[in-house]
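Notes follow the structure.
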Amino acid sequence: MIIDTFLFNNEFDMLDIHLEVTKNYADRWIVLEANKTLSGVPKDFHLANNFNRYRKKYGDKLELVSIDLEPNHPHPSFYETSMRRGFKEVLKKYDSEDIIIHGDLDEIIDPTHWHRIIETLNRENKPISCTLQMYVYKFDQLSDRLWKGSVVAKKHMFETPHDLYKGNKEIVKRKDRNHCANVDSIVGWHWTWFGSDDIIRNKVDSLIEHRGRNPEEVLSAFKSVDTKKAINHKVDSKIVEPIYPDVVLDIIKNFPNFWHTMPR
């Protein structure tokens with residue numbers, strides 16, 4: 001069985017995209033939602049409040065875990081670490097040989113490359129770190145850097161998804177993938193900072209490294225295709241004509257607001 005696990009804040013459009021693309025290889029999804037953002041700001045249980053519409057479509061293949069986190073923790077990465085560790089109990093019911101995908105909502109593996117990941121997993125017998133192509137704000141706005149994204153592993157290979165994703169049992173911000181093997185190619189996409197104006201504004205306050213910045217200035221920078229200014233001078237990008245496999249393009253074309261120029 002293949003179980004896809006990821007965190008959720010409030011990005012319903014990206015959730016719709018994620019579920020539709022990954023249903024080509026995932027048997028189940030486990031979504032974790034907390035009462036705090038990654039930066040510790042209190043939030044509603046948005047998915048729990050709207051879960052019935054997803055249950056109607058996906059049935060018991062979709063499982064939701066809701067957790068309460070303590071307020072005002074001094075370590076900035078405490079909340080992310082707690083969320084990724086929060087999958088531990090729900091994963092106990094799965095077999096040691098079941099395959100677990102763990103990443104973020106906007107990290108999506110290409111269905112046409114899934115077989116390569118499984119081949120590498122079986123050959124290397126260790127978790128597989130997925131290198132993703134990074135698009136910022138729109139499906140046709142390509143970043144100048146790649147992204148170290150989702151990790152795929154058999155359940156017996158890790159204790160909690162935090163250890164799988166970050167490679168460290170302590171509270172830590174940076175990723176360490178020394179415990180992983182890699183596929184020799186790009187195997188998916190990191191579609192980051194996608195969403196409505198309100199979603200972008202909210203994300204500024206939700207992320208550790210952006211909290212305290214002016215949401216309107218960040219949003220304005222994205223609309224000006226100035227991702228360096230928008231993302232703390234970390235990432236440049238340009239508008240391109242991307243090539244997506246048909247199985248993915250048929251889904252993402254249903255979101256015209258996520259394109260500079262919609263493909264015909």
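The values are calculated or read from the model by the stated rules, or taken from the named source; none is laboratory data. This structure is a prediction, so every number in the text was calculated from the model and none was measured. So basically every Cβ, Gly included, is an ideal-geometry build from the backbone, and we count neighbours across all protein chains shown.
Criterion applied to LEU15, LEU19, LEU7 was being modelled with pLDDT of 95 or more, closer than 19 Å to LEU207 by Cα and assigned to a helix (DSSP H, G or I), and the one residue passing it is LEU15. Screening the stretch 1-30 for residues that are of a type outside the set (Phe, Trp, Tyr) and under 11 Å from the mean Cα position of the chain (by Cα) and picking the one that is nearest to PRO111 (Cα to Cα) gives HIS18. The set of residues in the stretch 126-175 that are buried (at least 18 other Cβ atoms within 10 Å of the Cβ), of a type in the set (Asp, Glu) and more than 17 Å from ILE17 (Cβ to Cβ) contains only ASP163. Within the stretch 135-143, does at least one residue satisfy the condition of being polar (S, T, N, Q) and without any contact (Cβ under 8 Å) to a residue 12 or more places away in the chain? No, every residue in the stretch 135-143 fails to be polar (S, T, N, Q) and without any contact (Cβ under 8 Å) to a residue 12 or more places away in the chain. Among all residues of the stretch 11-29, there is none that is touching a strand residue (DSSP E or B) at 6+ places or on another chain (Cβ under 8 Å), surrounded by 18 or more Cβ atoms within 10 Å (Cβ to Cβ) and among the basic types (Lys, Arg). Filter the stretch 63-89 for residues that are among the aromatic types (Phe, Trp, Tyr) and modelled with pLDDT under 95; which is surrounded by the most Cβ atoms within 10 Å (Cβ to Cβ)? Ranking the qualifying residues of the stretch 63-89, first place goes to TYR79.
Meeting the requirement of 3 or more residues that are in contact (Cβ under 8 Å) with a residue 24 or more places away in the chain, the helices (runs of 4 or more DSSP H) wholly within the stretch 160-240 are 161-166, 197-206.
Taking residues in the stretch 84-101 that are basic (Lys, Arg), and partners anywhere that are in a loop (DSSP other than H, G, I, E, B), the pairs with Cβ atoms closer than 9 Å and at least 6 places apart or on different chains are ARG84/THR160; ARG85/GLU159; ARG85/THR160; LYS88/GLU159; LYS88/THR160. Of all residues in the stretch 235-264, exactly one satisfies the criterion of being over 19 Å from TRP147 (Cα atoms) and touching a strand residue (DSSP E or B) at 6+ places or on another chain (Cβ under 6 Å), namely HIS260. Looking only at the stretch 63-77, which residues are more than 30 Å from ARG28 (Cα to Cα) and of a type in the set (A, V, I, L, M)? None - no residue of the stretch 63-77 is more than 30 Å from ARG28 (Cα to Cα) and of a type in the set (A, V, I, L, M), so the list stays empty.
In the set (1) in contact (Cβ under 8 Å) with a residue 24 or more places away in the chain; (2) out of contact with any helix residue (DSSP H, G or I) (no Cβ under 9 Å at 6 or more places or on another chain), the condition left unmet by PRO74 is number (1).
Of everything in the stretch 90-113 that is charged (D, E, K, R) and under 22 Å from ILE251 (Cβ atoms), the residue that is surrounded by the fewest Cβ atoms within 10 Å (Cβ to Cβ) is ASP104.
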